[in-house]
1. Ranked by Cβ crowding within 10 angstrom, fewest neighbours first, how are 303, 74, 201 ordered?
2. Please give the contour-minus-distance gain from residue 473 to residue 17: 0.36 nm per residue of separation, less the Cα-Cα distance, rounded to one decimal in nm.
3. Quick one: plug the Kirkwood hydrodynamic radius of region 1-200 (C-alpha pairs) into Stokes-Einstein at 4 °C, 1.567 mPa s, and report D in µm²/s.
4. Report Rg/Rh for region 201-256, rounded to two decimals, where Rg is the Cα radius of gyration and Rh the Kirkwood radius.
5. Give me the number: length gained by fully extending residue 248 to residue 263, i.e. 0.36 nm times residue separation minus the C-alpha to C-alpha distance, one decimal in nm.
6. Roughly how far apart, in whole Å, are the Cα centres of region 196-249 and region 53-71?
7. Points 7 angstrom from Cα along the Cβ direction at residue 363 and residue 300: gap in nanometres?
8. Once R0 is set to 56 Å, what does the formula 1/(1 + (r/R0)^6) return for the Cβ-Cβ distance between residue 313 and residue 186, expressed as a FRET efficiency to the nearest 0.05?
Amino acid sequence: MEQQSTANRDSFWVPLMVVVIGAFAAILNNSSINVALPKLMAIFGVQADKIQWILTAYMLVSGMVIPVSGYLGDRLGTKRVYLVSMLIFTAGSVLCSLAWNNGSMVAARVIQGIGGGAMMPISMAIVYRIVPREKIGLALGVWGMAAVCAPAIGPTLGGYIVDHFNWRFLFTINVPVGIIGVVLVHLLLPESPLQKGSKLDVPGFLLSTAGCFTLLLALSQGHKEGWTSFYIVTLFVFSFFALLLFIIVELTQENPMLNLRLFKNTVFSISVFAGSMITIGLFGGVFLIPLFTQNLMLLTPFDTGLLLMPAALATAVMMPISGFLFDRFGAKTLVVVGLIITAWGTWNLHHININTSNAKIIFDTVFRSIGMGLAMMPVTTAGMNTVPMNQIARASALNNVIRQVAGSFGIAILTATMQNRQVFHYARLSESISIDSHAASIVSQLQGYLAGAGVGSGAGSAALSVISAAVARESMVRAIDDTFILATIFILIAIPCGFFLGKPGKKAKKPAPSPGLSKNGNIAAGNAAN
């Protein structure tokens, strides 16, 4: 009945855009702060390990909030939770703009993370509430533009603001957007039916909070502290047992906070797994290309953002197109073709070097983004479409928390790979510089030039320093190229999943009472495609 009523709505586009704008603002703000960190280090007088908590605090808190967002949406209503989340995010933005030291900024970011963390999963649940299923692909394509475009636009906008305005403007721009968003949400969004009988799964909440917090903290700090350090190993061990207990508790609860029984749904499980692999591959571009352009090509964050802007626009154009095609042809072809294009584009990026032209980088990133835009939305939608309407909020929370962990894992494993390969290539390149090698003759010539320039007795050391810097630079180029290969592998792993995603128009058969149903009658299994 609920789905039929939403299908009869005159238009869902205006409320949909309200949801998109709110989610876009949250993601844009978080991605634009990266470029401001060096300036904040100087202003607050702290080192890099302290300033990184401005990013880490938001990530940790949002990761803790996501699991409980599904319960809150069912118990209080998705509109009410989204409204409160926007208010908290806006209040956090005000406090961030007023921060006077690093501690106050981190505290304000915690508040921001509480609101921002709930906005994405709740917004997805709202989309499913207000959009009829036969148009959900196109709607989620528009909604997905926020998640894809904001990280690409953020560094460009942040770099421009830091260069031309006060850093506090990074946060104050959220205030009018937040206020307008709150008003529009209140006026335009319908409230979802409340499940008043549901109770908070307190053990599940505590275990998921502890497990997610320690896991995300370990993944974010591992490259700095050392993956084998006592601190990181302890965090991993604690998170493992906390999440193991969480799984046990959730499977014994009649009304769990995160309904893990949804993984009995084959299509949903494949969708979540494929989405996680794509998320890791996605960070291959989001994380590695700025490192290459800023550290090796010496571009500013603003120039890097401009370089990546065409790729963001390509994804923005493809997301609604893929949604339109999904509603008519299903996910399988779109996902397989899109991921092949994405893998090919990512593989091409492993050939870049310091002499690669901007036009070549733009072409490869745009080509890759076309495939990403074609595949991302159908992967998520195909799985979510198999979930009963009364489990949409829980499924959205489950999907988003796994994507959050996958994103953190992706950054961690790509960073570790890049660092290890850089050490490997530096050693190999250094070994190739022997007394009779071509590099040695270059050192001798360079020493002669420096001596002729008046460097004197320090010419030999200066020449070796120049060569050492060149070796370090080349080793980083090769390390980034190797890491792009790893990102390609993760995308390739997701390609076979596309063949198991169904087509629209196949309706689920009504299940008979069986162990596949949970105690409260929710569907726990099934491979329906719609």
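Readers should treat all values here as calculations from the given coordinates under stated rules, not as data from a laboratory. Model, not experiment: these values are computed from the prediction. Cβ placement follows ideal geometry from the backbone for every residue including glycine, while neighbour counts extend to all protein chains displayed.
1. 303, 201, 74
2. That pair, residue 473 and residue 17, stretches by 159.7 nm at full extension.
3. Taking Rh from Cα pairs, D becomes 74 µm²/s.
4. With Rh from the inverse mean 1/r over Cα pairs, Rg/Rh is 1.10.
5. That works out to 4.0 nm of additional length.
6. With region 196-249 and region 53-71 each reduced to a Cα centre, they are spaced 12 Å.
7. The modelled label-to-label distance comes out at 2.8 nm.
8. 0.95
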